[in-house]
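K.L.:
Following this message is one structure expressed as structure tokens.
Just so you know, all these numbers are worked out from the coordinates, no wet-lab data involved. Quick caveat: nothing in here was measured; it's all calculated off a predicted structure. Every residue, glycine as well, gets a Cβ built from its backbone with ideal geometry; the counts of neighbours run over all protein chains shown.
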2 protein chains.
Amino acid sequence: MKEFELIRQRLAHLSRHDGALQLGDDVSTLPKSEKIQIITTDTLVEGVHFLSDDPMYTVGQKLVRVNVSDCLAKAARPTSAMFNLSWPSNRPETDLTNLIDGLAADLEFWNIDLIGGDTTGSQSGVTLTLTLIGDCQKSAPVRRSGAQVEDDVWITGEIGSAFLGLRRRLSGVTPNSSDPLVSAFLVPPLQPVAVSSLIADFAHASMDVSDGLIADAEHLAEQSGVSLQIELDRVPLHAAANKDLRAGLVEKVSLLTGGDDYQVLFTASPTDQELIRKAAAARDVSVTCIGSVQAGSGVKVRDSEGNPITILTSGWQHEF
Amino acid sequence: MKEFELIRQRLAHLSRHDGALQLGDDVSTLPKSEKIQIITTDTLVEGVHFLSDDPMYTVGQKLVRVNVSDCLAKAARPTSAMFNLSWPSNRPETDLTNLIDGLAADLEFWNIDLIGGDTTGSQSGVTLTLTLIGDCQKSAPVRRSGAQVEDDVWITGEIGSAFLGLRRRLSGVTPNSSDPLVSAFLVPPLQPVAVSSLIADFAHASMDVSDGLIADAEHLAEQSGVSLQIELDRVPLHAAANKDLRAGLVEKVSLLTGGDDYQVLFTASPTDQELIRKAAAARDVSVTCIGSVQAGSGVKVRDSEGNPITILTSGWQHEF
């Protein structure tokens, strides 16, 4: 267990909150905040959320980002983290230090204070949990349940790249290739933290896309008691994904149902459309209006001629 | 993944805090509290912290208790929990429902509100994380670092039973035997929640014993910059452990260095000795004074004649 003491030492500098005592006690106090605080947690499992030969540095980054994504989509800024590590003794120690370095780099990038955690052995694969606390940008997090009929449906960033990146990894592309799709799978490219204030200012309902755009849109529609109509050709794709699409290597519907994109899906009043575009540009946030909210239930996808497209599997749960 | 939706439904009734939205959104708000709040987390791994054929019901209880133990030792009352589950698809669904039932029973017993979590698959064993938030009984948690020279050293409950329970399990005793030592390994018997106010009122330094009494005493001594002297014959043992001891089946030193006991080790002023005994009795808390704090460093153990006893391995990290 000596390596775990080493890890604690390597992580201690990330702990600036007095109540965390540099991770040297059994508990931390929660940092004081004038704002309403939210809490969220996600677990990444070897062989389920990342491949065994994915670089541990990027796995550490991904662990931070899948949680940051939840905070941002709910209009909160992440502030503090708890980190739980279960590590098999038969993996090289360099893998462990790379994991910690990637985790540390991303916590610093997002200005997140590490306030506690736990390290254990594992008799099998690596299991990682991060729990994030964040400050709401207004009096409550923006929920899945607030979408209103006639709202616009918006998505940040681009869709489909992580799904194609995983396909490439599974077909043998090495993780250190310069392929931007592989990079998007390894380290989800998130919007800047200022997206949280955009969501706070305009969104009626919001959530992060992580299980696939259509599946997550279905969750939002269900919680809001509405139907979401999505125009297939308005969904923004990464240039490399577009290339695969034109080459007939993938169907667009697969990109919309693939997972791991970590963008924000939100709805807002159509009267705010221009304000949202301007506010997003001012924050370096990429947004695209991809559809509208209607009475009813479920998600309806239409092609460029307005014809409905049947989605057989809305979301995609990977177990490699 | 449908079973995970089932699990969410089974857990939803444990979520009473409005901000948790019955676990139906991506984040929960943190419950408001007038008190200083602490946060702590522990992970349990199959084959490391519990045996693969331990009953899942008791594993669920143990997950709650190893975290509650940290709260109580720091003079806090647990209030809210996040639960992360990584579950292999090849285990029977009855194991999963038993786990959830045991977790739910213990959360209800300790009056803890479930406010969030994550469920994932696993390609290997079961990994469980619980993160607890608690209310401090005074303005700050009681730390490891406050021990003062001439303080008494106290321990709650009894020591050594979980270690012997694990030994019995590993030698083939089934978990459903009525052996109290096996029970103490499966479900750590904690002090009542009122121990937190006893610690708040009297303790200068405090921590829970979980890695072995001597190893944890060393941590407390180090953080406080003092030496702890422990009188071997004053350490209280479970009756069944005493029986093993008299039969020569185990050495007392092994019991002091075994893990998994989950009692509270604390120091307090010797002038408070009688007050502590009375306050403990009024709270149904079992306490024993087992030594004193002295200048210096490290832990010194003495036998009944005052002779020093050499401890070769202070703590015991089990990997089965």
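K.L.:
I want the local charge near A:ASN176. Using Cβ-Cβ distances under 12 Å, sum +1 for each Lys or Arg and -1 for each Asp or Glu among the other residues.
P.N.:
-2
K.L.:
Quick query: amide H of A:GLN263 versus all other amide H atoms, modeled in the peptide plane; which residues come in under 5 Å with a sequence gap of 5 or more or a different chain?
P.N.:
Correct list: A:VAL209.
K.L.:
Still on this structure, please answer the following. Just A:GLY24, A:GLY248, A:GLY165 to compare: in a GNM of chain A, with alpha carbon springs under 10 Å, which one fluctuates most?
P.N.:
Taking springs between Cα atoms under 10 Å, the residue moving most is A:GLY248.
K.L.:
Right, something else. Using only the C-alpha atoms of region B:2-136, find the volume of their convex hull and express it per residue in Å³.
P.N.:
96 Å³
K.L.:
On average, how many beta carbons from a partner chain sit within 10 Å of the beta carbon of a residue in A:40-52?
P.N.:
That average works out to 5.
K.L.:
Can you figure out the FRET efficiency of A:LEU6 with B:GLU108, using R₀ = 30 Å and their beta-carbon distance, to the nearest 0.05?
P.N.:
Once rounded, the FRET efficiency stands at 0.15.
K.L.:
Taking the label point 7 Å from Cα in the Cβ direction, how far apart in nm is A:SER297 from each other copy of itself, listed shortest first?
P.N.:
6.7
K.L.:
Where does chain B land on Rg/Rh, using Cα atoms and the Kirkwood Rh?
P.N.:
0.98
K.L.:
Can you pull the mean other chain C-beta count within 10 Å for peptide A:131-138?
P.N.:
Per residue, the average neighbour count from other chains is 2.
K.L.:
While we're looking at this one, here's another question. In angstroms, what radius of gyration and Dmax does the protein assembly as shown have, counting Cα atoms only?
P.N.:
Expressed in Å, the Cα Rg and Dmax of the protein assembly as shown come to 26.2, 94.
K.L.:
With the Cα gyration tensor of region A:144-309 in hand, convert its eigenvalues to equivalent ellipsoid semi-axes via √(5λ) and list them largest first in whole Å.
P.N.:
26, 18, 13
K.L.:
Using amide H atoms built 1.01 Å from N in the peptide plane, name the residues 5+ places from A:VAL301, or on other chains, whose amide H lies under 5 Å from its own.
P.N.:
Residues meeting the criterion, in which the H sits 1.01 Å from N, are A:ILE230, A:ILE309.
K.L.:
What do you get for Rg/Rh over region B:118-174 if you use C-alpha atoms and the Kirkwood form of Rh?
P.N.:
Over the Cα atoms of region B:118-174, Rg/Rh equals 1.13.
K.L.:
Under the Kirkwood approximation applied to all pairs of distinct alpha-carbon atoms, what is the hydrodynamic radius of region B:255-316 in Å?
P.N.:
14.2 Å
K.L.:
Quick one: if you stick a label point 7 Å off each Cα along the C-beta vector at A:ALA247 and A:LYS35, how many nm between them?
P.N.:
Reported label-point gap for A:ALA247 and A:LYS35 is 4.2 nm.
K.L.:
Okay, moving on. Mind listing the long-range amide H neighbours of B:LEU114? Cut-off is under 5 Å, sequence gap 5 or more, other chains count too, H placed in the peptide plane at 1.01 Å from N.
P.N.:
Amide H neighbours of B:LEU114: B:SER15, B:ARG16, B:ALA81.
K.L.:
Take the Cβ-Cβ distance between B:ALA140 and A:ASP101 as r, set R0 to 22 Å, and report the resulting FRET efficiency rounded to the nearest 0.05.
P.N.:
0.10
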